[in-house]
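A quick write-up on the structure given underneath.
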Amino acid sequence: MAIETAELGSAILAKEERLLALLHGYGSLAVAYSGGVDSTYLADVAHQALAEGATLILADSPSLPRAEFDEAVALAQARGWNLTVIETAEFEREDYLKNDGTRCYVCRSELFTKMQAYAQTNGIRVMAYGAIMDDLLDPTRLGTKAAAEHQVVAPLQAAELAKSEIRALSRQRGLPTWEKASFACLASRFPVGTRVTREEVMQVERAEDVLRNMGFRQYRARHHGDLCRVELDPAEIERLLDPALRAMLDRELKALGYRHVALDLAGYRGAGGEA
């Protein structure tokens, strides 16, 4: 549901105006789009600024759950955005599969390389991704490194927009992602140093489908071989005091091939808790 402009502070609205002007100045733009909070907001503003001059690039990868992929496509179609789906090949790269701590850099590099080829072929002047002010707190800055190498800009950072502001502006725009839970790619469920495989990524995806279908909002299914360590938002952990619900979760996750199912009592810890 949209909210009145008057409910947003003038400083936040001024940031969005700066963002619109910046995007309009690009002339043509390819946006890395995932259906998450930040890239969806960027996509909507880019469409407002450039109409068909803004192309959304959605990477079709095993690390993106089919449910997330389908939601991203459906939203783009509903909003009339110019969407292109490309296949990325990070799962064919040993430097990605070995998961040695640089996996995110390899993944971003693969995406930006494919985006760059698309942009050059189609005469698109600028490439952008949804990095925000909060991402500057990331000590690794792997995404930033890959973006710099491929000349990919971060308009939301340029407009000095933080996550809370993007959620508020997304709500004003009627974007369903304004209250969407945080998400990271499925490969992030593997501890650093544990090899990533397509089969086990699919196992994690099915495990998180179980959590999703049980009505949990913020969750992770951390993969530790034959053990699945479940993280939930601390406010949702109490639901598993219900013996029937707990038994159902245990049964369904073991049906996927896990021998042990553990609940992380610390709960979901946000981006800093990603493997």
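No lab work stands behind these numbers, since they all come straight from the coordinates. Since the structure is predicted, the reported quantities are computational estimates derived from the model, not experimental observations. All Cβ positions, glycine included, derive from the backbone under ideal geometry; neighbour counts span all protein chains shown.
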I need the shape label for the stretch 45-191. Rule: rounded when a/c is under 1.5, else prolate if a/b > b/c, else oblate, with a, b, c from the alpha carbon gyration tensor.
rounded
Find the relative contact order for the stretch 5-178 and round it to a whole percent, using C-alpha pairs within less than 8 Å whose residues are 6+ positions apart.
27
Among Thr121, Thr84, Thr194, the residue with the largest mean-square fluctuation in a Gaussian network model of the chain built from Cα contacts under 10 Å is Thr121
Distance between modelled label sites at Ala181 and Leu263, nm, 7 Å Cα→Cβ extension
1.5
For n ≥ 4 DSSP H runs only, could you compute -39500 (n - 2.57) per run for the chain, divide by its residues and tell me the 222 nm figure to the nearest 500?
-13500 deg cm²/dmol
Percent relative contact order of the stretch 186-273, based on C-alpha pairs within less than 8 angstrom and at least six residues apart?
29
Indicate the gyration tensor shape class of the stretch 186-273 (rounded, prolate or oblate), computed on the Cα atoms with a ≥ b ≥ c the square roots of the eigenvalues: a/c under 1.5 is rounded; otherwise a/b larger than b/c is prolate and the rest oblate.
oblate
Against the longest principal axis of the chain, how steep is helix 66-79, in degrees 0 to 90 to the nearest 10, with axes from Cα atoms?
30
Relative to the longest principal Cα axis of the chain, at what angle does helix 163-172 sit, 0 to 90 degrees, rounded to 10?
70
When the chain is treated as a Gaussian network with springs between alpha carbons less than 10 Å apart, the largest mean-square fluctuation among Leu29, Leu169, Leu240 is found at Leu240
Among the listed pairs Lys163/Lys254; Lys145/Lys180; Lys98/Lys145, which have their C-alpha atoms separated by more than 24 angstrom in this model?
Lys163/Lys254; Lys145/Lys180
Treat each spin label as a single point 7 Å out from the Cα along the C-beta direction, and report the Met202 to Asp95 distance in nm.
2.8
Percent antiparallel among DSSP beta bridges (both partners in the stretch 186-273, rounded to 5):
60
